[in-house]
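To start, the structure under review is shown below, and the notes come after it.
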Amino acid sequence: MYFVDGARQVPAESTLLVWGSSPPPEGLAPDVHVVRVEDGFLRSVGLGADLVHPVSWIMDGRGIYYDATRPSDLEYLLMTAEFTPGLLSRASELRRRIVEHGLTKYNVGSSRWDRPAGKKRIVLVPGQVESDASIRFGAPGVRTNMGLLQAVRESNGDAHLIYKPHPDVVAGLRAKGRGEDDALRWCDEVVVDASMGDLLPKIDEVHVLTSLAGFEALLRDKPVVCYGCPFYAGWGLTRDREPLGRRSRRLCLDELIAGALILYPTYVSRVTGRLTTPEHALDELLDWRAKSAPGVTFWRRVLRMVLRLVDGVK
């Protein structure tokens, strides 16, 4: 594998890896196969924006999972795969371990959150980075965090509404959304540093644009309402405000997990640097988390300062 600066450096009949939804260079030979690369759904102990290396990768030759404007390899897989009893048993056990150990994509957050006494129904709204491609390509209606928060408040006037800003925004690595400092106009509580793994079991329902937190809530049997078109919407497992008609297959939760966490991603061991299984990657994540010191190291703070300057975050 080698890096290229333009189409002229890409040989015919080769494979070109492109990050996320970035457009490939113009002038590629027609027989060049473009594959899009992204982080996987069980990623790391630490933020991607902090340049923490992931244990899982997505490589998609049709599109990318968060681009709802066209099918991705994940969508095709979920529409057509044969989910054998052995595969579903494996997915069920993987889910059990993820939930038992409170694992999520980034596994960050140190403080605990306790459910307020006397509240009958608690709804969580996870914030996203508003400039992310997942919103550009997966949220055709509501497209801002505060727009989502207002819509949830309007339809859930009796609920205790919690807003959780995206961890990249909390860390100062990505810009806040429009009006995000005024979130308490629309919600009852803003939760900043609680881990999603600790928070999700204690709430009753999650409302999202395209956030992966919706998928993580499904793993924990929480009702999920989608205002955009994330990869886990449209299969009969969520309440969808933006139906996607081409997703016509009805899936059970273990089928979705088998597709999204076993068949679709590629896992790479942090120890050996070689391909591994999702089960072994989960073992490594647990060991990684257990050995991680709380707080942010000096060098991580320095790196964050540099990244803020590069990204123009104030």
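The values are calculated or read from the model by the stated rules, or taken from the named source; none is laboratory data. No experiment lies behind these values; they were computed from the predicted model shown. Every residue, glycine among them, receives a Cβ derived from its backbone with ideal geometry; neighbour counts consider all protein chains shown. Accessible surface areas use protein heavy atoms only, side chains included; no ligands, DNA or RNA. Shrake-Rupley method; radii C 1.70, N 1.55, O 1.52, S 1.80 Å.
See the values below:
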read-out: Residues of region 26-47 satisfying the condition of being part of a loop (DSSP other than H, G, I, E, B) and open to solvent by 50 Å² or more (accessible area, probe 1.4 Å); value: Glu26, Gly27, Pro30, Asp31
read-out: Region 57-83 residues that are modelled with pLDDT of 95 or more and polar (S, T, N, Q), paired with ones that are open to solvent by 10 Å² or more (accessible area, probe 1.4 Å) and in a loop (DSSP other than H, G, I, E, B) (beta carbon under 7 Å, 6 or more apart); value: Ser72/Arg62; Ser72/Tyr65
read-out: Residue, nearest to Pro167 (Cα to Cα), within region 85-107, restricted to residues that are among the aliphatic types (A, V, I, L, M) and buried (at least 18 other Cβ atoms within 10 Å of the Cβ); value: Leu103
read-out: Pick from region 66-92, criterion assigned to a helix (DSSP H, G or I), out of contact with any helix residue (DSSP H, G or I) (no Cβ under 8 Å at 6 or more places or on another chain) and charged (D, E, K, R), ranking: farthest from Ile135 (Cα to Cα); value: Asp73
read-out: Candidate set: region 138-154, residues that are more than 16 Å from Asp240 (Cα to Cα) and under 17 Å from the mean Cα position of the chain (by Cα); chosen: the one least open to solvent (accessible area, probe 1.4 Å); value: Asn145
read-out: Only listed residue being open to solvent by 10 Å² or more (accessible area, probe 1.4 Å), of a type in the set (D, E, K, R) and modelled with pLDDT under 95, chosen from Asp240, Asp287, Asp254; value: Asp287
read-out: Where a residue in region 152-172 is on the phi > 0 side of the Ramachandran plot and its partner, wherever it lies, is open to solvent by 20 Å² or more (accessible area, probe 1.4 Å) and outside any loop (DSSP other than H, G, I, E, B), with Cβ under 8 Å and at least six apart; value: Gly172/Arg304; Gly172/Arg308
read-out: Every pair of residues 6+ apart whose Cβ atoms lie under 8 Å, when the first sits in region 260-276 and is open to solvent by less than 40 Å² (accessible area, probe 1.4 Å) while the second is among the polar types (S, T, N, Q) and part of a loop (DSSP other than H, G, I, E, B); value: Tyr267/Thr277; Thr276/Ser269
read-out: Failed condition for Glu205, given (1) under 21 Å from Gly118 (Cα atoms); (2) in contact with a Cys (Cβ under 9 Å, 6 or more places away or on another chain); value: (2)
read-out: Hits in region 172-190 (condition: part of a loop (DSSP other than H, G, I, E, B) and either buried (at least 19 other Cβ atoms within 10 Å of the Cβ) or not hydrophobic (A, V, I, L, M, F, W, C) (or both)); value: Gly172, Leu173, Arg174, Lys176, Gly177, Arg178, Gly179, Trp186, Cys187, Asp188
